[in-house]
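The values are calculated or read from the model by the stated rules, or taken from the named source; none is laboratory data. Nothing here was measured: the structure is a model prediction, and the numbers come from that model. Cβ placement follows ideal geometry from the backbone for every residue including glycine, while neighbour counts extend to all protein chains displayed. When the accessible area is computed, the model is the full protein with side chains, heavy atoms only, and any ligands, DNA or RNA have been set aside. Shrake-Rupley method; radii C 1.70, N 1.55, O 1.52, S 1.80 Å.
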Amino acid sequence: ALSGGSTPYPVYQALASDTRLDWSKIELIQVDERYVPVGDPEYNWVKITEALGGDVIMRSSNVCAFDTSLSREASVQQMEECLPNQLTVAILGMGTDGHIASLFPNQPWNVDGQKVLATDAPAEYPTRERLSLSDTYLRQAHKQIVLITGAEKQAVLQSVCDTGVWDTQYPVSLLLDGKSVEVVSWS
């Protein structure tokens with residue numbers, strides 16, 4: 001499962017060039033999307049597919065991506081129907097506010113039983129309407145890899161770890177108490 005945002009793109013490029021991967025056995029699943037038209041510069045899926053390359057997308061066994069040409073409710077439903085019962089690996093970035101995917105602090109996104117949610121970013125974000133895999137579904141993945149870049153995000157992560165605040169104030173904290181999470185950090 002692949003997150004948007006700028007942090008994971010170099011990782012996706014490295015994965016695409018790894019000749020040991022048999023892409024015909026790999027499903028590609030989009031973790032989150034801004035609810036904008038396909039041509040909008042904020043649209044994550046185009047950036048993800050550019051980082052991976054069209055060849056990887058074409059060879060993958062299944063691709064589940066949000067369709068923003070539909071209503072948010074219809075896009076959520078379509079994605080629910082496409083998803084496997086459980087993710088193998090979820091690659092996630094983290095924002096400076098501790099958000100993962102499009103699950104933002106102090107927002108109503110913790111909905112049991114749902115794999116996909118329509119969410120809203122805080123007012124300071126240019127694109128508020130979002131689509132995201134749910135926290136419950138992400139936490140059930142066999143492995144979550146959280147990518148952290150830059151001093152500001154590293155400080156947020158360190159603060160969450162030091163204070164032990166495991167709640168919706170910092171959505172990343174909901175992953176950090178699990179045994180299947182790996183945090184990769186660089187400057």
Would a scan of the stretch 44-57 turn up a residue that is under 28 Å from residue 14 (Cβ atoms), touching a residue at least 60 places away in the same chain (Cβ under 8 Å), in contact with a helix residue (DSSP H, G or I) (Cβ under 8 Å, 6 or more places away or on another chain) and surrounded by 17 or more Cβ atoms within 10 Å (Cβ to Cβ)? no
Residue among 172, 183 that is modelled with pLDDT of 90 or more and buried (at least 20 other Cβ atoms within 10 Å of the Cβ): 172
Any idea which of (1) open to solvent by 50 Å² or more (accessible area, probe 1.4 Å); (2) of a type in the set (S, T, N, Q); (3) not in a loop (DSSP other than H, G, I, E, B) is the one residue 144 doesn't satisfy? (1)
Just to be sure, is residue 7 free of Cβ contacts under 8 Å to residues at least 12 places away in the same chain and outside any helix (DSSP H, G or I)? no
Which residue, of 41, 37, 8, 84, is open to solvent by less than 50 Å² (accessible area, probe 1.4 Å) and out of contact with any strand residue (DSSP E or B) (no Cβ under 6 Å at 6 or more places or on another chain)? 84
Taking the stretch 12-33 and the residues there that are open to solvent by less than 40 Å² (accessible area, probe 1.4 Å) and not acidic (Asp, Glu), the one that is farthest from residue 127 (Cα to Cα) would be 23
Answer yes or no as to whether residue 78 is more than 18 Å from residue 144 (Cβ to Cβ) and among the polar types (S, T, N, Q). yes
If the requirement is being closer than 20 Å to residue 12 by Cβ and not hydrophobic (A, V, I, L, M, F, W, C), which of these qualifies: 127, 88, 119, 136? 88
Write out, first by first residue and then by second, each pair whose Cβ atoms fall under 9 Å of each other, whose residues are 6+ apart or on separate chains, and whose first residue, in the stretch 139-161, is on the phi > 0 side of the Ramachandran plot while the second is surrounded by 14 or more Cβ atoms within 10 Å (Cβ to Cβ) and of a type outside the set (Phe, Trp, Tyr). 150/7
Leading residue by the ranking (nearest to the chain's Cα centre (by Cα)) among those in the stretch 113-136 that are among the hydrophobic types (A, V, I, L, M, F, W, C) and over 16 Å from residue 75 (Cα atoms): 121
